[in-house]
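The structure under discussion appears below in the form of C-alpha cells.
Just so it is clear, none of the values below were taken in a lab; they were calculated from the coordinates. Everything quoted here is computed from the prediction, not taken from an experiment. When we count neighbours, we look across all protein chains shown, and the Cβ atoms used for this are built from the backbone with ideal geometry, even at glycine.
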Amino acid sequence: MNKTWLIMGMFVLFISPNINAQSSTGRPAPYKNEKEIKDVRSKQYKTLPQQTHDQPQNAKEIWLQENQIYTVVSEMPEYLGGNNKMFEFINQNLRYPVKAKEMKKEGKVIADVLIEKDGAVSEVKILKDGVGYGAAEETERVLRLMPKWKPGMEGGKPVRVSMKIPIYFKL
C-alpha cells in the first residue's frame, strides 16, 4: 500500500489512496475522502473529513468565499444616475483645500473604493495624491458621503467590487 506522509509540527499526516477495511495498525481504516492524523505526543489517532475544492468545509472558508472582492464582474457597480450624476455629486460636495488653493496646486487624486453587496461605499483608500495639501483627505471625505450605488453582479448575485475613481482638482 502506498502512503503519503506529511509531518506538520507535532502531527503526522498520512493519506492512503487505497482504502482497506483494516489498516496496518489493526484499527479501522479511514473512509474514502478522509485523512488520518496521528498526534505524535499523545499517540492518538484522529480522522478528519477531507476538504473538496468545490465545497467549503468550515465557516471561515464560506465567509471568505462570500466576501471575495472583485475588480471586474459581469455587471459593474453603477452610481444611480450614471457617471455624470456621480461627478455632479462630487463637484457639489467637494471643498477645495484652502492650503492647496493658496499654493495654486492642481492635479488628480485617485481613490480605490469598495462597493459592498448592498451598494454602500465602504473602504476608501487613496492610491495617488497628485495635489497634496489636504486634497487626499477631502477626496476621502466626499467619497464616504456618497449614497448607495447599484451593486456589482456576478452570476446573478450581488458581490463586493473594488473600483478606482479619479478626482480632478482645478482652480
If each residue's Cβ is checked for other Cβ atoms within 10 Å, how do Tyr168, Tyr133 rank with the fewest at the top? Tyr168, Tyr133
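Just to verify a number: FRET efficiency for Asp118 and Arg95, C-beta to C-beta distance, R0 = 30 Å, to 0.05? Let's see the in-between values first.
On the way: r = 28 Å, r/R0 = 0.93.
With R0 = 30 Å, the Cβ-Cβ based efficiency is 0.60.
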Distance violations [Cα-Cα > 25 Å] among Lys104/Lys148; Lys99/Lys125; Lys99/Lys148; Lys99/Lys170: Lys104/Lys148; Lys99/Lys148
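Count the net charge of all other residues whose Cβ sits under 11 Å from the Cβ of Glu123, scoring Lys and Arg as +1 and Asp and Glu as -1.
0
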Just add up the charged neighbours of Lys105: K/R +1, D/E -1, any other residue whose Cβ is under 13 Å from the Cβ of Lys105. +1
Lys164 and Met76 label points (each 7 Å along its Cα→Cβ direction) are spaced in nm at 1.1
